Structures are given as C-alpha cells and as structure tokens.
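The structure under discussion appears below in the form of structure tokens.
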Amino acid sequence: KIAYEILRRVEAEGAYASDVLHAELGANVKVADAALATELTMGVLRWRRLLDFLLERHLKKPVERLDLPVALALRLSIYQLRFLDKVPARAAVNESVEMVKLARKSSAATLVNAVLRRAAAEANAPAEKFLPANIAKAEFLGILHSHPTWMIERWIERLGEAGAIALLQSNNHVPRLSCALHDESSREEVFSQLERGGMRIAPGTLLKSAFSVSGGSPARTQAFRAGNISIQDEASQVVPLLLGVHAGHRVLDVCAAPGGKTPALIRAAGSKGLVIASDRYAHRLRAMRAQFERLGLAGTHLVELDATQPLPFRDEFDRILVDAPCSGTGTLARHPEIRWRLEADQLAEFHSLQCQLLRTALAQLAPGGRLIYSTCSIEPEENENVVEEVLRHAKSIRRVAAGEAAQILTPHLAPGIQVSDLFAGEGYFRTSPGVWHTDGFFAAILENT
C-alpha cells in the first residue's frame, strides 16, 4: 500500500519518489517493510517500460491508457513476478486484485487477475524472447533496459554502443547510499551508532570524509538527527570542495536549494566569512533553514531571488557556486522517474536557462575570484556547451585546468584516487555512474583574472 500510494503521487502529482519515501517511511514503519516499499517503488519506476511491454502482450491497449490505479496495480505485481523471488506469485496477483478493489475499480479486478496470471506463467522467460526480430537497436535496448529510445540514441552516438549499455546498466542498479561525515573526530562514535542500528559501513570511493551504508536508513539514527552526518552522493560532496573556500571569504551559492552543498561552504568560510544562499522559491529556503538547524549552522543569509536577473548585491564575491537546475540525467539510478518525464527538447530550454544563470553570477565575481558551474547532467548541451558559449563573451574569465585543481582537491581524496582520474582532458570535472558508482556530475572551475 505504501509503494502504491507513492507511485500514485509520482504519476499524478509529479512528486519525486525519494522525497515521498523519506516522508512516509518514518520510525513507525518496520525496517523490513520500509525496505520492501522502497524496492517496489524504485523497481517499478526503473523498469516501467519493460514492465509495460510485458503487460501489453496480454492487453488490448497500452498500459498508460488504463486508469492509473489499474496500471499501478499491474506494474507492482509484474515487478514482483519478474524481479523478486520471496513473494509467491499467487500473493503478488491477489494483492494487486485487492488493490484495484480498494481504489474503487472493482470492474477491473477480472482483467487484472487474468493479465497477471498469464504474465506469471511466462515470468521466468527472458524478455528478449518476446522482442521482434527486426527491432531497431535503440528501441531494443530501450525496452530491455527500460529507458526512452531518444536517450539511448544520443548516448550511442556519443559513447558508442558498449558505453551506452554500461550507462543503462548502471542506471538500473540500486545506487550506493552515501553519507558525509562532518567532523573527523566523531568518526568512531558515529560508526558505532550506525553499526548498533544494524547498518553496514563501507569507505567512500572518492573522499576521505565519505562513507556508504547498507542495511538501514541513516536518517533514522541519532548521528543524523544530531547533525554529525548527512546523506549526500559522493560526487555532489566533491563539488563545493572545488571552490577552495578559505576562512573569511565572501561566498554566494546562487541555486542553493535543496542545500546539500551549502554546509561545506559555511564551514570553510568560518565565522569571519559571509555565505549567502539564494533560491527562487521561499518554501525551498525554509526547508534549507531546517536543515541548517539540524547541522548546527548559524549565520547564513538566505535570500529569495531570481538568479536569471541582475543580482541585488553591491559587493562582489570571492567564491560563487552555480549548481544549476538541469535535466538530472546523471541521477537516473537515484531518481528513475526523470527518464519518463524528460523530453529531448527540454535540453535546449535548460541550456538557455543555465547560460543566463552563469552570466549573471559571473558579473558578481571579484577579481581573482573563483566560480564553479556544476550540474548533475551528463548532456553536453547543459555542461561544456554552456561554459564555452558564455566564455566567448567573458574575456576576463578563464577556465582552471585540472592540474591547478589538484592543490585544492588532493587533501580530501580517498587513498588511491588521483585528481587526474576525475578530470577530462579539457579540464572539466566529471563523474560517470558506471565508473565511480556515484551520480553523474559535471563541474567547470572558472576564475576572474
């Protein structure tokens, strides 16, 4: 029921599954139930296209044309039949029949029962068996790996078939649950708390201060409530470090919400520094303030503004972070619903917005100052194309090469990781989900000469 309701909100209200899961899976929900609800929700979202293809073999119309409660009940059941081995087929089918009855769609109960019983009979057969022999490659991969065809076509063109398949496979794996440790001196105490809560801990892949957990939710622990740790992807943790903020710096975080990167800037700037975090929406700023209170961070100035317009500050800033709104194609493992919402023509819209944000922010950068432009996208239109377009008309701004970034980043890196591992030849910071088991992030380091 929890998974059904979350999927309903994702489809009907445009909610993000991870946010709703965090809100719904409180302490009153058993750990095992929370794990199953998460598996069902994220599994159905990741594999939706394949699930619909398999269901439509036994339907007279596309799944998307069914009433939403019926479509969700079918997807939940066939996901269990195909991907889970601890739920008996009869139970999975019966639960979905009862689900449509509870949703006041009793007239569809017979249909749901018949379709799922036929699907259960072929649940062990490989999906490839049912694909047409003459299907185009991108369409074949799109159904088999459950992604939109247009995404796969562009990834094959840019990454080659093998690279595209590796990315698709990575997007369908459960991502690592990464955390940031805010105070190294508390490491032993924090890890002990987590382990007593039944969680398993593994060291970070990229950063000394990062670690991953499995077997439970860190958000339920005292270490989280006390502000000793935060849940944050490792690549996301790297981005604010690239700014090289020092004590006393004036820092502007232009697109700060939901606020995951701002705390690192606040700590680095110290009590003598100034950190301004801005966002276009007041409710997102209120959520940030609550997070800062949990982390024990005071003195940050939160400002509601539209950063596509000239900024309302008289003084310039030593450091600026532009973590721009983007398509999120680097986070499809963590936010699988994005793949079904995003349209190809939206990339041009994001590009236009991102260029304007970067131009506006650069106008506030002090001489000798540094700006980071970053996204959680892997698309060139939102990354290097934005930087190159803006810099053509910003003659005083230069791009910092990877070698210069080494001095900033090296002290934070985990053993065995070299700065050169994280920077492409043209000097851009990139992480690939298939290589680092992180989100796909991009960052450019820019300086005002």
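The values are calculated or read from the model by the stated rules, or taken from the named source; none is laboratory data. In this text the structure is predicted, and so the values were computed from the model without any measurement. Please note: Cβ atoms are built from the backbone with ideal geometry, for glycine as well, and neighbour counts cover all protein chains shown. When the accessible area is computed, the model is the full protein with side chains, heavy atoms only, and any ligands, DNA or RNA have been set aside. Shrake-Rupley method; radii C 1.70, N 1.55, O 1.52, S 1.80 Å.
Check off (1) assigned to a loop (DSSP other than H, G, I, E, B); (2) under 30 Å from R49 (Cβ atoms); (3) open to solvent by 60 Å² or more (accessible area, probe 1.4 Å) for S352 and give me the number that stays unchecked.
The single condition S352 does not satisfy is (1).
Scan the range 98-139 for residues that are open to solvent by 30 Å² or more (accessible area, probe 1.4 Å) and under 14 Å from L51 (Cα atoms) and report the count.
7
Sort out for me the helices (runs of 4 or more DSSP H) sitting completely within the range 358-449 that have 1 or more residues that are over 18 Å from L242 (Cα atoms) and either touching a Leu at 6+ places or on another chain (Cβ under 6 Å) or among the hydroxyl-bearing types (S, T, Y) (or both).
Ranges flagged: 384-391, 433-436.
Taking the stated definitions as given, is L55 under 17 Å from R341 (Cα atoms) and modelled with pLDDT of 95 or more?
No; evaluated as a whole, the condition is false for this residue.
For the range 224-238, how many residues meet the condition of being in contact with a Leu (Cβ under 9 Å, 6 or more places away or on another chain), crowded, with 20+ Cβ neighbours inside 10 Å and either part of a helix (DSSP H, G or I) or β-branched (V, I, T) (or both)?
Total satisfying the criteria: 5.
Answer yes or no as to whether S178 is of a type in the set (S, T, Y), buried (at least 18 other Cβ atoms within 10 Å of the Cβ) and either on the phi > 0 side of the Ramachandran plot or in contact with a Lys or Arg (Cβ under 6 Å, 6 or more places away or on another chain) (or both).
no
Restricting the range 187-209 to residues that are touching a strand residue (DSSP E or B) at 6+ places or on another chain (Cβ under 9 Å), assigned to a loop (DSSP other than H, G, I, E, B) and of a type outside the set (A, V, I, L, M), which is surrounded by the fewest Cβ atoms within 10 Å (Cβ to Cβ)?
Looking at the filtered set, the residue picked out is K208.
Search the range 271-319 for residues being surrounded by 12 or more Cβ atoms within 10 Å (Cβ to Cβ) and aromatic (F, W, Y), and hand back the single one that is farthest from A223 (Cα to Cα).
Looking at the filtered set, the residue picked out is F313.
Among (1) open to solvent by 20 Å² or more (accessible area, probe 1.4 Å); (2) in contact (Cβ under 8 Å) with a residue 12 or more places away in the chain; (3) more than 27 Å from G197 (Cβ to Cβ), there is one condition H22 misses while meeting the rest; what is its number?
(3) is the only condition that H22 fails.
List pairs: first in the range 348-365 and on the phi < 0 side of the Ramachandran plot, second open to solvent by 70 Å² or more (accessible area, probe 1.4 Å), Cβ under 6 Å, 6+ apart or cross-chain?
Q364/E316
Which of (1) open to solvent by 50 Å² or more (accessible area, probe 1.4 Å); (2) at pLDDT below 95 does R154 not meet, given it meets every other one?
(2)
Taking the residues in the range 52-70 that are in a helix (DSSP H, G or I) and free of Cβ contacts under 8 Å to residues at least 60 places away in the same chain as candidates, determine which candidate is nearest to L102 (Cα to Cα).
Checking each candidate, the answer is V70.
Does at least one position in the range 106-121 carry a residue that is under 30 Å from I378 (Cβ atoms) and touching a residue at least 24 places away in the same chain (Cβ under 8 Å)?
No.
Can you work out which of the residues in the range 437-449 that are out of contact with any helix residue (DSSP H, G or I) (no Cβ under 7 Å at 6 or more places or on another chain) and under 23 Å from A333 (Cα atoms) is modelled with the highest pLDDT? Even if it seems obvious, please write down each step before you answer.
Residues of the range 437-449 out of contact with any helix residue (DSSP H, G or I) (no Cβ under 7 Å at 6 or more places or on another chain): 437, 442, 446-449.
Those still in the list that are under 23 Å from A333 (Cα atoms) too: 437, 442.
Working: H437: 86, F442: 97.
Taking the candidates together, the pick is F442.
Within the range 87-120, work out how many residues are basic (K, R) and within 22 Å of A32 (Cα to Cα).
Adding up the residues that qualify gives 1.
Give just the number: which of (1) under 20 Å from the mean Cα position of the chain (by Cα); (2) outside any helix (DSSP H, G or I); (3) small (G, A, S) does S278 not satisfy?
(1)
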